[in-house]
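Enquirer: Quick one: structure below, then a few questions.
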Amino acid sequence: MERESALADRIRALEERLLQPDVRKSPQELDRLLANEFVEFASDGRTYDKHQVIEALQHEGPFRRSLIDFRLRLLANDVALATFRAIREDTHSGEILSSLRSSIWCRGAKQWQLVFHQGTINVVP
């Protein structure tokens, strides 16, 4: 079994891949990263499946994305929970939005895949 710190590095790298514009626009890359049973509870209050997310990301606007405060907790040998804060900057307006994120990753026969993701807008007083 992978060391927990190595696993945290691996899952963080996968999360960061999902923030890259070229990956977000690639149905093939998204198909590899998202499990077939993937579900997202989005920050807009809607629920999306894998195919809906892939379709929606094809029409996404230009944003710069990053993540901070990343933590990983192993829930079982092949199941991990990642939590972090995502920062999204609109490249046109400069508006910055912060959200709290949680992801559940499962290791399949070939690789780790995302099975669940939730985003919650972080309102700062």
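The values are calculated or read from the model by the stated rules, or taken from the named source; none is laboratory data. On a predicted model such as this, the values are computed, not experimentally measured, just so you know. Please note: Cβ atoms are built from the backbone with ideal geometry, for glycine as well, and neighbour counts cover all protein chains shown.
Enquirer: What is the number of the single condition among (1) hydrophobic (A, V, I, L, M, F, W, C); (2) closer than 19 Å to Leu14 by Cβ; (3) loosely packed, with under 14 Cβ neighbours inside 10 Å that Ile87 does not meet?
Expert: Ile87 satisfies every listed condition except (3).
Enquirer: While we're looking at this one, here's another question. Within segment 65-83, identify whether any single residue is over 21 Å from Ile11 (Cβ atoms) and at pLDDT 95 or above, and answer yes or no. If you could, list the steps in order and put the result at the bottom.
Expert: The initial filter retains those residues of segment 65-83 that are over 21 Å from Ile11 (Cβ atoms), namely none.
The answer is no, given that none of the residues of segment 65-83 is over 21 Å from Ile11 (Cβ atoms) and at pLDDT 95 or above.
Enquirer: On to the next question. Within the set of pairs 6 or more residues apart or between chains, which connect a residue that is surrounded by fewer than 17 Cβ atoms within 10 Å (Cβ to Cβ) inside segment 1-17 to a residue that is at pLDDT below 95 and of a type in the set (Lys, Arg) with Cβ atoms less than 6 Å apart?
Expert: Close Cβ pairs satisfying both conditions: none exist.
Enquirer: Return the residue satisfying two criteria in turn: it lies in segment 80-125 and is β-branched (Val, Ile, Thr), outside any loop (DSSP other than H, G, I, E, B) and in contact (Cβ under 8 Å) with a residue 12 or more places away in the chain, and of such residues it is farthest from Arg3 (Cα to Cα).
Expert: Applying the first criterion (β-branched (Val, Ile, Thr)) to segment 80-125 yields 83, 87, 91, 96, 104, 115, 120-121, 123-124.
Of the ones still in play, those that are also outside any loop (DSSP other than H, G, I, E, B) are 83, 87, 96, 104, 115, 120-121.
Those still in the list that are in contact (Cβ under 8 Å) with a residue 12 or more places away in the chain too: 83, 87, 104, 115, 120-121.
On the way: Thr83: 18, Ile87: 28, Ile104: 18, Val115: 21, Thr120: 30, Ile121: 32 Å.
Filtering first and then ranking leaves Ile121.
Enquirer: Here is a follow-up. Tell me whether segment 95-102 contains one or more residues that are under 16 Å from Gln118 (Cβ atoms), small (Gly, Ala, Ser) and touching a Gly at 6+ places or on another chain (Cβ under 6 Å). Full working, then the answer.
Expert: Filtering segment 95-102 for residues under 16 Å from Gln118 (Cβ atoms) gives 97-102.
After this cut, where a residue has to be small (Gly, Ala, Ser) as well, the list is 98-99, 102.
Then keep just the ones that are touching a Gly at 6+ places or on another chain (Cβ under 6 Å); that gives 99.
Scanning segment 95-102 turns up at least one residue that is under 16 Å from Gln118 (Cβ atoms), small (Gly, Ala, Ser) and touching a Gly at 6+ places or on another chain (Cβ under 6 Å).
Enquirer: Still on this model: Within segment 1-18, track down each residue that is in a loop (DSSP other than H, G, I, E, B) and over 17 Å from Arg85 (Cβ atoms).
Expert: Restricting attention to segment 1-18, the residues satisfying the condition of being in a loop (DSSP other than H, G, I, E, B) are 1-3, 18.
Of everything in segment 1-18, those that are in a loop (DSSP other than H, G, I, E, B) and over 17 Å from Arg85 (Cβ atoms) turn out to be Met1, Glu2, Arg3.
Enquirer: Let me ask something else. Can you name every residue in segment 1-38 that is in contact with a helix residue (DSSP H, G or I) (Cβ under 8 Å, 6 or more places away or on another chain), under 16 Å from Ser102 (Cα atoms) and among the aliphatic types (A, V, I, L, M)?
Expert: Residues satisfying the conditions are Leu14, Leu18, Leu33, Leu34, Ala35.
Enquirer: Which condition does Arg46 not pass, out of (1) surrounded by 12 or more Cβ atoms within 10 Å (Cβ to Cβ); (2) farther than 26 Å from Ala6 by Cα; (3) among the basic types (Lys, Arg), if it passes all the others?
Expert: Among (1) surrounded by 12 or more Cβ atoms within 10 Å (Cβ to Cβ); (2) farther than 26 Å from Ala6 by Cα; (3) among the basic types (Lys, Arg), the lone unmet condition for Arg46 is (1).
Enquirer: Please pick out the residue among Asp78, Asp69 that is on the phi > 0 side of the Ramachandran plot and surrounded by fewer than 17 Cβ atoms within 10 Å (Cβ to Cβ).
Expert: Details: Asp78 fails: on the phi > 0 side of the Ramachandran plot.
The unique qualifying residue is Asp69.
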